[in-house]
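Computed from the coordinates by the stated procedures, all read-outs in this text should not be read as laboratory data. All of these numbers come straight from a predicted model, not from anything done at the bench. Cβ: placed from backbone, ideal geometry, glycine included. Neighbour counts: every protein chain shown.
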Amino acid sequence: MSYLHLSEIKFGMTLNQVLVSPNGNMVLGQGTVMNEYLLSCLKDWNVKGADMTQEAEGEFNLYEIERMISDILVSLTDNVSIDTHLQNAVQVHSETEKPVE
């Protein structure tokens, strides 16, 4: 790929060149992989576009790793809540099964 307008830049794409601010400061280095936060920063900084490349097929990029971690955390959270509900159900069931004295 080459120069892309900001609206064309997607998660996982990589900067081909150093991104420099109008006053000459380096903002992002060559090889930086775009994620949600960085795209938001580019919008806030009024960047019009950048020289980008698509990550090679079959390789993980930062966005994919973040998404996988998020999916894992959601599933772990769901498992914890399921276990908690099951424990509560067992406790309630055992309390209702106790003979009345």
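One table, with the values for the structure above:
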quantity: Which of TYR63, TYR37, TYR3 has the fewest Cβ neighbours within 10 Å, and the rest in rising order; calculated: TYR37, TYR3, TYR63
quantity: TRP45 paired with GLU8, simple spin-label distance in nm, labels 7 Å along Cα-to-beta-carbon; calculated: 2.0
quantity: Bins of 10 Å, starting at 0 and running to the largest distance - Cα pair percent for segment 3-53; calculated: 28, 66, 7
quantity: Sum of side-chain charges, SER21 neighbourhood, beta-carbon under 14 Å (Lys, Arg +1; Asp, Glu -1); calculated: 0
quantity: Environment charge at LYS43 (Cβ cut-off 15 Å; Lys +1, Arg +1, Asp -1, Glu -1); calculated: -1
